[in-house]
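The values are calculated or read from the model by the stated rules, or taken from the named source; none is laboratory data. Every value quoted in this text rests on a predicted model; they were computed, and no experiment measured them. Here the Cβ is made from the backbone with ideal geometry for all residues, glycine too, and neighbour counts use every protein chain on show. The protein model used for the area step is the full one, side chains on, heavy atoms only, and it has no ligands, DNA or RNA in it. Shrake-Rupley method; radii C 1.70, N 1.55, O 1.52, S 1.80 Å.
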Amino acid sequence: MAADLQNSVKQLSDSGAFSSLPLQLYASRDPTAPSDVDATLEPQIPTIDLSLLTGATPRERARMVQRLGRACQDWGFFMARTFRVVVNHGVPEGLRQAMLEAAKKFFDLEEEDKAELRGETVLDPIRYGTSFNPKAEVGVRYWRDFLKLAVHPDFHSPAKPLSFSDVLRDYATCTRRVGMELLKGIWESLELEENDMNKALKLDSCFQVFVANLYPPCPQPELVFGLPPHSDHGLLTLLHQNGVDGLNVEHGGKWVHVKPLPGSFLVNAGDHMQIVTNGRYKSALHRAMANGKSTRVSVLTVVGPSLDTVVEPVAALVSSERPAMYRGWSYRQFLEYQQGNQLKEKAVLELLRCRDHEHVI
Ligand SMILES: O=C(O)CCC(=O)C(=O)O
Ligand SMILES: [Fe+2]
């Protein structure tokens, strides 16, 4: 098989035709660089117990809220455990597994079926593809196939595989609910009114995106990223995976390998969290690593403001000592820019930063 820009990485991996990668397409890492993962940091990843946030005594909740605030300030990342799912506040384990299986089945469809969903523009509500944005990635591609779906306020789903949309509908509802509970807690940790949050972000019509990622076994994982270092665009991202690790998070200039606790969501704060909190809370830089042995599937939900809301640092967190750090853009503008360019660390946030703030973050 001659590899070209149209091939999914699943096709390349399944064909078994490559013991080495077509480098002109895929080289995104320096294979001679020493490992930059710091194993000592992994046990320090913050954890949040969702049941203590939603179904607990006021004291337990206050403790969790404080923990949430610290996690968002120090890491922009935490594991949210759902062991004791509180009715109407969690995501049942069966549903989490069903979603992973449905995602795997989607990627197992015939290539022609998936190709119909490639989409024209970066904001198409249903979009299948490979890498991040091949049009903007000259000489660099990432070892990932993806399906991106807008699921709220309007719900979109592919028609195949059968029952995908039923599972997705439930999954989107449950994860959105968890996301909202977390956002409430995070807002509370800044001693802000819930009303202000709704005003600033119009969360009733929040824009929610579902993403499924497939990382098939890669012949030369030392040469490519599944996804390069980046932050997500929304307020919060909730992710879970099929038991194969691959996510790294940046903390204090070092990379940390993330091994999820059983039943947990990996949650990272996105760029809109950093904007609306005027930099008090930070979006987490993260990356997905390819591996040579097993197929990794991750599914995630991104909860963001409503699409046409212009998001600015919230007034209560702006003062003369700490003037607004970012200028406002609508979430739609932000998404079009981020999804339409090469994925590069926190490039969009940098673009929005007010000039006199270079020293703060
Ligand atoms: O698969 C992962 O662990 C990370 C995926 C990711 O960062 C993304 O889709 O934005
Ligand atoms: Fe991400």
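Some notes on this structure:
- Whenever a residue of the range 41-70 is among the small types (Gly, Ala, Ser), its partners that are open to solvent by 60 Å² or more (accessible area, probe 1.4 Å), lying with C-beta atoms within less than 6 angstrom and at least six residues away or across chains, give the pairs 51/84.
- Top-ranked residue in the range 255-266 [being more than 12 Å from ligand 1 (Cβ to nearest atom) and open to solvent by less than 10 Å² (accessible area, probe 1.4 Å); ranked as nearest to residue 200 (Cα to Cα)]: 264
- The single condition among (1) more than 19 Å from residue 184 (Cβ to Cβ); (2) assigned to a strand (DSSP E or B); (3) away from ligand 1 (no atom under 12 Å from the Cβ) that residue 294 does not meet is (2).
- Residue 307 closer than 29 Å to residue 241 by Cβ, assigned to a strand (DSSP E or B) and modelled with pLDDT of 95 or more: no
- Residue check, residue 350 open to solvent by 10 Å² or more (accessible area, probe 1.4 Å) and more than 13 Å from ligand 1 (Cβ to nearest atom): yes
- Residue match in the range 152-168 (condition: open to solvent by 10 Å² or more (accessible area, probe 1.4 Å) and within 26 Å of residue 68 (Cα to Cα)): yes
- Every residue from the range 201-233 that is buried (at least 23 other Cβ atoms within 10 Å of the Cβ), within 10 Å of ligand 1 (Cβ to nearest atom) and not in a strand (DSSP E or B): 231, 232
- Being aliphatic (A, V, I, L, M) and more than 16 Å from ligand 2 (Cβ to nearest atom) is a description that does not apply to residue 249.
Conditions tested, residue by residue: (1) at pLDDT 95 or above; (2) surrounded by fewer than 14 Cβ atoms within 10 Å (Cβ to Cβ); (3) in a loop (DSSP other than H, G, I, E, B); (4) not basic (Lys, Arg).
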| site | (1), (2), (3), (4) |
| --- | --- |
| 7 | no, no, yes, yes |
| 12 | no, no, no, yes |
| 31 | no, yes, yes, yes |
| 56 | no, no, yes, yes |
| 61 | no, no, no, no |
| 66 | yes, yes, no, yes |
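- Some residue of the range 237-254 being surrounded by 24 or more Cβ atoms within 10 Å (Cβ to Cβ), within 13 Å of ligand 1 (Cβ to nearest atom) and closer than 24 Å to residue 193 by Cα: yes
- Looking only at the range 161-189, and only at residues there that are among the β-branched types (Val, Ile, Thr) and in contact (Cβ under 8 Å) with a residue 12 or more places away in the chain, the one that is farthest from residue 277 (Cα to Cα): 167
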